[in-house]
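Shown next, in structure tokens, is the structure this report addresses.
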Amino acid sequence: MSLLELRELNKHFGGLHVTNAVNLTLEPGEIHCLIGPNGAGKSTLFRLILGEHHPGSGEILFAGENITALKSFARIHRGLSVKFQVPGVFKGLSVRQNLEIALQSRHRGAELESEIDRLLTFLGLESEQKQTAGNLSHGQKQWLEIGMAISLKPRLLLLDEPTAGMSPEETHMTGEMVQRLNADGMTVLAIEHDMAFVRQVAQRVTVLHLGQVFAQGSIQEIVADERVAAIYLGQAHA
Amino acid sequence: MTGFLSLLRRLEGPQTVGRGRGFWGLFAVVLAVALAYPLFSDGYTVGNTVYFFVWVFIALSLCVIWGYGGSLSFGQTAFFGIAGYGYGVLTLNFGSAYGFTLVALVLAVGIAALFAVLLGYFMFFGRIAGVFLGIVTLAVTLMLERFMAQTAGPEWHIGSARLNGFNGMSAMPPLTIPWPGESIVLFADVGLYYFVLGLLVFVYLALRILMNSSFGNVIVAIRENPERAEMLGYDIRKYQLITFVIGAALAGVSGVLYTAWGQYITPSSMGMTAAALPLIWVAVGGRSDLTSTVVGTLVVLAAFQALTIYGSQYALVFMGVLLVLTVLIAPNGLVLGFMNWLGRLAARFTQRAG
Ligand SMILES: Nc1ncnc2c1ncn2[C@@H]1O[C@H](COP(=O)(O)OP(=O)(O)O)[C@@H](O)[C@H]1O
Ligand SMILES: [Mg+2]
């Protein structure tokens, strides 16, 4: 059974057809990248999957269950988790407390503390743990929010532009993080502009254009596709 | 037992200022002074001091809802009034024997909380947030004031309790503790002082534990970023509703204590001025931390009282000026602002010495 299945999803914002009859299937265990020009509707698709927006028509199936009508928090309980495009960390709280809030529903007491330590090490944020999250660099905020997202041990991790604002080294480290998570069995759907990251991690790639699935395939197939180059790869990332 | 100990550990945490021997030592000293104070004063002055303490609960209610939860409620006085009138109606009908006033205290606070459940459900599950929450809560308290103000006629009564319109309800019995032999009547002097002080210490410590618990974590998470909190799997509307109800109950405690203290309550306790004052106290004193709210509210109230001697209109103007200055200079409130200033001063001093 596929882990996530989007069937004929449609979403309008006023006259704007932002999600246009989108069909997308994710197999358990894959790293899938979603690419496409700005405004293609990628983030909106995430918000539909998460229940922040509701589709005008179409269905969302998660592990075989129709979750189209579920509230966001209930979808999270089913095994979805997200890092938003604009880092959504709790700015006024310490890094450690951010992770505590994410982890506290699964662990308590001494176990909670050691889980926080483990996660801090995984993210490379040990020395920042007492810092106020709002004071972190953009890249560190991204990592912190990834840490919060994976605290929930999700079956499907949604990452919206996880490497935005990162140096090439940091981007590579993020790629390795994602691969380690994937090796532990986490399915990942990542929106990403950085083709180096996509090359590093993607097992399959979907191109979204004007709200529609424009192309799909392996990274080699996508890079070789001249139509994709025309709308996207050529222009922004020559 | 271990459960109790882990509760005690929650007295300290990232959500509350003050930890370690130094803080709790100071806490013990302040408490000892507060306990000894009536011995060095007269009943009338002590009664006035209780009046200050009474208001701290409604200030704490704003601290919880606004400071920790991030939702600005303009309507805490609605719960204050409901509980105050509730206490009046209950005790005027059923008297004060067999400790009923204490039952009435709990019931009246319960009624205010129940009202908050209804109002809060409508607001939070209807996704009313931000400035609209302030508008709705303000509208509710002003509506209640209007309503109570027109209940002057004899047809407005609940049992034997006349509502009395703008003149207010009066002559309800003070809080009375049943005691073998003779009941202890807590008139507005030493007896009520110890009762309210005890309640205040209990509520303060209980709130510290609550705010440093995983529940408190979620509350501040919602303040910081509700979307992120929901995407960690928390049903934020439920948490907001519970916080709102806790806040309403705290405001209700103030309402009951106020009514029992003066043995009267009027509709103006839910009016515009009454609604604005607690907001000013916590904005000026500090709302983002329980200790700051308690200390700040008492300081501001004492200053206000001192100024009223020169005329209450000047006192109100002064409050307004103080509010504007606080917002500009120390947006976290005077208490935290003052502590930060001390900290900076100390840092500079040690730098120079070192
Ligand atoms: N809440 C909204 N209301 C109206 N229009 C929106 C909203 N969110 C996104 N849009 C519009 O939908 C289109 C797709 O946006 P988005 O999904 O954020 O694109 P992407 O993430 O691919 O860059 C854009 O034209 C954007 O302006
Ligand atoms: Mg986007």
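The values are calculated or read from the model by the stated rules, or taken from the named source; none is laboratory data. As the structure is a computational prediction, the values presented were derived from the model and not from experiment. Cβ: placed from backbone, ideal geometry, glycine included. Neighbour counts: every protein chain shown. Areas reflect the complete protein model, heavy atoms only, side chains present, ligands, DNA and RNA absent. Shrake-Rupley method; radii C 1.70, N 1.55, O 1.52, S 1.80 Å.
Miscellaneous remarks
- Point-charge dipole on Cβ atoms (K/R +1, D/E -1) for the protein assembly as shown, about Cα centre, debye to 20: 840
- Around the Cα centre of chain A, unit charges on the Cβ atoms of Lys, Arg, Asp and Glu (plus for the first two, minus for the last two) sum to a dipole of about 600 debye.
- Burial here means at least 50 square angstrom less accessible surface with every protein chain in place than with the chain by itself, probed at 1.4 Å; in the stretch A:101-117 the buried residues are A:101, A:104.
- At most 12 other Cβ within 10 Å, DSSP loop - GluC sites (Glu not before Pro), the stretch A:1-93: none
- Nitroxide proxy distance, nm - points 7 Å out along Cα→Cβ at residue A:10 and residue A:30: 2.6
- Only one residue of B:90, B:76, B:173 has its Cα farthest out toward the positive end of the dipole of chain B, where Lys and Arg carry +1 and Asp and Glu -1 on Cβ, and that residue is B:76.
- Efficiency of FRET between residue B:135 and residue A:172 - r from beta-carbon atoms, R0 45 angstrom, step 0.05: 0.35
- Inter-label distance, nm, simple model (7 Å from Cα along the C-beta direction), residue B:44/residue B:5: 5.3
- Trypsin sites (Lys or Arg not before Pro) within the stretch B:4-74: DSSP coil, no more than 14 neighbouring Cβ in 10 Å: B:19
- Expressed as a whole percent, the accessible area of the stretch A:90-135 that falls on carbon and sulfur atoms is 45 (1.4 Å probe).
- Student exercise, the stretch B:17-272 dipole from Lys, Arg, Asp, Glu Cβ charges, in Debye to nearest 20: 500
- Among B:264, A:2, B:334 - extreme Cα towards positive end, dipole of the protein assembly as shown, charges at beta-carbon: B:264
- Area buried, chain B against chain A - accessible surface, total, 1.4 angstrom probe, square angstrom: 2000
- Annotation: per residue accessible area for the protein assembly as shown equals 44 Å², rounded to a whole number [probe 1.4 Å, protein chains only].
- Chain-alone versus full-assembly comparison, the stretch B:1-31, residues with accessible loss of at least 20 Å² (1.4 Å probe): B:14
- Of the residues B:29, B:186, B:254, the one whose Cα sits farthest toward the positive end of the charge dipole of the stretch B:17-272, with +1 on the Cβ of Lys and Arg and -1 on the Cβ of Asp and Glu, is B:29.
- Residue B:340/residue A:131 FRET efficiency (R0 30 Å; Cβ-Cβ; nearest 0.05): 0.95
- From helices alone, chain B scores -23500 deg cm²/dmol at 222 nm; the rule is -39500 (n - 2.57) for each run of n ≥ 4 DSSP H residues, then divide by the residue total.
- Sequence-separation-based contact order of chain B, relative, with Cα cut under 8 Å and 6+ spacing, percent: 30
- The order of A:121, B:91 by accessible area, most exposed first and with a 1.4 Å probe, is A:121, B:91.
- Greater than 24 Å apart at Cα, pairs in A:71/A:141; A:42/A:141; A:141/B:238; A:11/B:238: A:71/A:141; A:141/B:238; A:11/B:238
- Relative contact order computed over chain A (Cα-Cα under 8 Å; 6+ residues apart), in percent: 27
- Dividing the convex hull volume of the alpha-carbon atoms in the protein assembly as shown by its residue count gives 213 Å³ per residue.
- Chain B: most fluctuating residue of B:230, B:155, B:182 per GNM, C-alpha cutoff 10 Å: B:182
- Spin-label model, residue A:110 to residue A:69: label points 7 Å out along the Cα-to-beta-carbon direction sit 4.7 nm apart.
- D_trans [Stokes-Einstein, Kirkwood Rh over alpha-carbon pairs] for the stretch B:1-120, 10 °C, 1.306 mPa s, µm² s⁻¹: 89
- Inverse mean reciprocal Cα-Cα distance (Kirkwood Rh) of the stretch B:17-272, Å: 19.3
- Surface accessible to a 1.4 Å probe, residue B:24 within the full protein complex, Å²: 60
- Exposure rank, largest accessible area first [B:89, A:205; 1.4 Å]: B:89, A:205
- Surface calculation, 1.4 Å probe, protein heavy atoms: residue B:341 sits at approximately 120 Å² accessible.
- For residue B:117 and residue B:34, a Förster radius of 35 Å and the Cβ-Cβ distance give a FRET efficiency of 0.55, rounded to the nearest 0.05.
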